[in-house]
Structures are given as structure tokens and as C-alpha cells.
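Computed from the coordinates by the stated procedures, all read-outs in this text should not be read as laboratory data. Source: prediction; values computed, not measured. Glycine gets a Cβ as well: all are built from the backbone with ideal geometry, and neighbour counts include every protein chain shown.
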Amino acid sequence: MSHGDVHWIDLPDRGGREQRGRRPAIVWQDTAAFPRLPTVLVIPFTSRLDALRFAATRRVEPTPMNGLTSPSVALVFQLGACDIRRLRERIGRLDSPDLEAIKSLALSLQGIAP
């Protein structure tokens, strides 16, 4: 598991507007630098393309590299920590252009200049 990998994840219902259920998500944490943490930072995907109306989202087309099966929206504004035990199998890795675009969005969201 490393930064930019796409995994299936099981997100619990937290009673709010956060994503929940089984879905693909991007591992956003540098797991090599922080190998013993009980949580991992992730960016969830949704297949609902109308989510593009929100700021800090990125449409990602399926490719053999990323393993997605349908056009998906990376919900960068929902970047958050989850228990590492919620991560399931790896399905792929983001292509470089998507990884760089999402990185730029994440930095902007946090008020950090890229």
C-alpha cells in the first residue's frame, strides 16, 4: 500500500454527508514514512458524476492502471483518516496526470501553495 494506490475500502456510516459503504479510495498517506500508524489518509471515490458540482473534485476515467470500472469522481474535499483495517484489496494505481491534479487540489484545499 502506497501513496496513489487505489483500494477498495469499507467506510462506516457516520451519520453525516461523508461517503460510506464499499467503494474505491485513493491512499493519500506516505505509508513508507509512517508504517506503524493505525489509520491511513484516503480520498474516497463516487460514481455519481453530479458530485463534480462541488469544489475540490476530480473526474477520473477508468484505465487499466487505476483499475476503476466506470468514470468516477475523486472527492478530495472528503480527504480523511480511516482505520487501516477498513482497506481491502488494491485495484490499481492512479495515472500520473490524475495523481498530480489531485495533489494540486489537496494542497489548495489545505491552503498550501503547490
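Considering every pair of different Cα atoms, what Kirkwood radius, in Å, is found for segment 48-95?
Numbers: mean 1/r = 0.0827 Å⁻¹.
Hydrodynamic radius (Kirkwood, Cα pairs) of segment 48-95 is 12.1 Å.
So, with +1 on the Cβ of K and R and -1 on the Cβ of D and E, and no other charges, what is the size of the charge dipole of segment 5-109 about its Cα centre, to the nearest 20 debye?
The calculated dipole for segment 5-109 is roughly 280 debye.
Give me, ordered by chain and number, the residues 5 or more places off R88 or on other chains with an amide H under 5 Å from its own placed amide H.
Excluding prolines and chain starts, which carry no amide H, the hits are W8, I9, D10.
Along each principal axis of its Cα atoms, how long is segment 5-109 end to end? Whole angstroms, biggest number first, please.
The Cα atoms of segment 5-109 stretch 34, 32, 28 Å along their principal axes.
Over the chain, what is the relative contact order in whole percent, taking alpha-carbon pairs under 8 Å and six or more residues apart?
On the way: 237 pairs, mean separation 32.3, N = 114.
Normalised by residue count, the contact order of the chain is 28 percent.
For W8, W28, which order do you get if you count the other beta carbons within 10 Å of each Cβ and list the fewest first? Provide the component values of the computation, followed by the final result.
On the way: W8 15, W28 21.
In order of increasing Cβ crowding within 10 Å: W8, W28.
Can you sort D50, D83 so the residue with the fewest Cβ neighbours within 10 Å comes first? Present the calculation step by step, with values, prior to reporting the outcome.
On the way: D50 8, D83 12.
In order of increasing Cβ crowding within 10 Å: D50, D83.
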